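Novice: Below: one structure in structure tokens.
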Amino acid sequence: MTDTKFPKRYLIVLLTFICTSVCYIERVGFSIAYTVAADAAGVNQSSKGMILSTFYYGYALSQVPGGWVAQLIGGRRVLLMSFVLWSMTCALVPLDPSRATILVIARLLVGVAQGFIFPSIHTVLAQWVPPHERSRSVSLTTSGMYLGAAAGMLLLPTLVKFKGPQSVFLAEAALGASWSLLWFKFSSEPSRMDQQKASAVGFGKSLLPTSKSKENIKALHKAKVENGGESAVQPMEIPWKNIVTSLPVWAIVVNNFTFHYALYVLMNWLPTYFEQGLQLSLQDMGSSKMLPYLNMFIFSNIGGVVADHLITRRILSVTKTRKLLNTVGFVVAALALMALPLFRTSTGAIFCSSVSLGLLALGRAGFAVNHLDIAPRYAGIVMGVSNTAGTLAGIVGVGLTGWILEKAKASDTNLSTPESWKQVFYIPGYLCMFSSIIFLLFSTGERTFN
């Protein structure tokens, strides 16, 4: 696998793809298993929203520390430790809705552990992947989330039906342990040659032009003088002030928030929408319930391939490519989200949710790869900051949706009317419109941190 026919960086990308797949099987799995157990125990929608959103509190806490630790000791080690922690938690915790305190602690631990994963992945990819392969590599890696969610939606309801909700936890723990063994055996730190390819001196510069400020030039000159006139790479502190005040970073942050608001609301509440909003059984829906996430997998990889094609063939600049794909994805997704509650059949609901999630995944070829464009050296850190916003979207969106539905249920006595769900889907629709404008105005494909 390490010869010229299959470079080691491809193996690393494949393993990170499997990594994200397993993570999202776990997230979808908990939503499905807990929904069944909670409904059987008579838990109300507001309490369900609280438990479902607990994961994101832990996830938010560890995003920036995850990027910092990955920068410090290497993303490879952090990924392994994170997987071992959340897998052990799933294996040991009982799924009992009446023991809410234990579930809250467990979901916090799983959230903290998984919060280290995506900043670490971006640190690893920044070390291994050259600029002309970044769009499709990041898109393939992140598309694992959607394939995992699709697999979870397809298989886990049947597992719950025949083996009970607790079996989902054990299956997730086994998957996590299996990936940990694969990563331990096959992953490694990049060689000097691989690091040089990832830096892509010359070719990479033409793809990712550098915007050097006067301060950067002075710093480089000072480093050269202090080293006796010879240029040398010096360890640099993380430029927190520049990151926090950077408009391109904020453009990524806003779009990450919106993407995850829509994704987490649909991921956590689609099972409830199908069963209570449309009076459908997940088990009886067959393979159709996995289509929204399968669509995300397909469009995420389409976005990556299209972006790399536009960039490497010099059809569009990096900046224009990111803005084009982000805008198309988010605007179309907004329209589909707002149309979703108007359809009262399984076919219409599956179609709208598939279009909205698929086009959001296409948009990831805009904002989600942009970390590596503007700050390849600090990709893990910027990803941590950005993903913290995305995690806050999970806390706000999942919890707020539970409150909206509980209020609707109190007034309408059931959740089968379109009016009960309009606010649920209109909010992420409006956010998508707003975020696409922010990205058009403030994003860039040029390197802004050296």
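Novice: Could you give every pair whose Cβ atoms fall below 8 Å, whose first residue belongs to the stretch 69-96 and is more than 18 Å from TRP183 (Cβ to Cβ), and whose second residue is in a loop (DSSP other than H, G, I, E, B) and open to solvent by 20 Å² or more (accessible area, probe 1.4 Å), counting only separations of at least 6 or pairs across chains?
Specialist: Final answer for the pair search is GLN71/ILE238; LEU95/PRO165.
Novice: Take the residues in the stretch 69-88 that are crowded, with 22+ Cβ neighbours inside 10 Å and within 23 Å of GLY152 (Cα to Cα); name whichever of them is farthest from the chain's Cα centre (by Cα).
Specialist: Per the criteria, the residue is SER87.
Novice: Moving to a separate point now. Check every one of the helices (runs of 4 or more DSSP H) wholly within the stretch 334-432 and list those with 1 or more residues that are farther than 27 Å from PRO131 by Cα and modelled with pLDDT of 85 or more.
Specialist: Details: elements: 346-367, 370-374, 379-412.
By residue number, 346-367, 379-412.
Novice: Moving on to the next point. Kindly check whether there is at least one residue in the stretch 299-321 that is open to solvent by less than 10 Å² (accessible area, probe 1.4 Å), in contact with a Phe, Trp or Tyr (Cβ under 8 Å, 6 or more places away or on another chain), part of a helix (DSSP H, G or I) and modelled with pLDDT under 90.
Specialist: Yes, the stretch 299-321 contains a residue that is open to solvent by less than 10 Å² (accessible area, probe 1.4 Å), in contact with a Phe, Trp or Tyr (Cβ under 8 Å, 6 or more places away or on another chain), part of a helix (DSSP H, G or I) and modelled with pLDDT under 90.
Novice: Mind listing just one residue for me: the one in the stretch 276-293 that is touching a residue at least 24 places away in the same chain (Cβ under 8 Å), open to solvent by 50 Å² or more (accessible area, probe 1.4 Å) and part of a helix (DSSP H, G or I) and, of those, farthest from LEU324 (Cα to Cα)?
Specialist: Per the stated criteria, the residue is GLN283.
Novice: Another question, then. Could you check how many residues of the stretch 30-68 are open to solvent by 10 Å² or more (accessible area, probe 1.4 Å), outside any helix (DSSP H, G or I) and free of Cβ contacts under 8 Å to residues at least 60 places away in the same chain?
Specialist: Number of matching residues: 2.
Residue by residue, here is whether (1) surrounded by fewer than 20 Cβ atoms within 10 Å (Cβ to Cβ); (2) out of contact with any Phe, Trp or Tyr (no Cβ under 6 Å at 6 or more places or on another chain); (3) basic (Lys, Arg); (4) at pLDDT below 90 holds:
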position: PRO157; (1), (2), (3), (4): no, yes, no, yes
position: GLY164; (1), (2), (3), (4): yes, yes, no, no
position: LYS185; (1), (2), (3), (4): yes, yes, yes, no
position: THR210; (1), (2), (3), (4): yes, yes, no, yes
position: LYS218; (1), (2), (3), (4): yes, yes, yes, yes
position: GLU226; (1), (2), (3), (4): yes, yes, no, yes
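Novice: Let me ask something additional. Restricting the search to the stretch 328-364, which residues are hydrophobic (A, V, I, L, M, F, W, C), open to solvent by 10 Å² or more (accessible area, probe 1.4 Å) and closer than 22 Å to ASP284 by Cβ?
Specialist: Hits for the stretch 328-364 are PHE343, ILE350, PHE351.
Novice: May I pose another question? What is the residue count in the stretch 312-327 for residues that are touching a residue at least 60 places away in the same chain (Cβ under 8 Å) and more than 22 Å from ILE437 (Cα to Cα)?
Specialist: Initial filter on the stretch 312-327 (touching a residue at least 60 places away in the same chain (Cβ under 8 Å)): 312, 317-323, 326-327.
Of the ones still in play, those that are also more than 22 Å from ILE437 (Cα to Cα) are 312.
Number of matching residues: 1.
The values are calculated or read from the model by the stated rules, or taken from the named source; none is laboratory data. Note that the structure is a prediction, hence the values are computed from the model and not measured. Here the Cβ is made from the backbone with ideal geometry for all residues, glycine too, and neighbour counts use every protein chain on show. When the accessible area is computed, the model is the full protein with side chains, heavy atoms only, and any ligands, DNA or RNA have been set aside. Shrake-Rupley method; radii C 1.70, N 1.55, O 1.52, S 1.80 Å.
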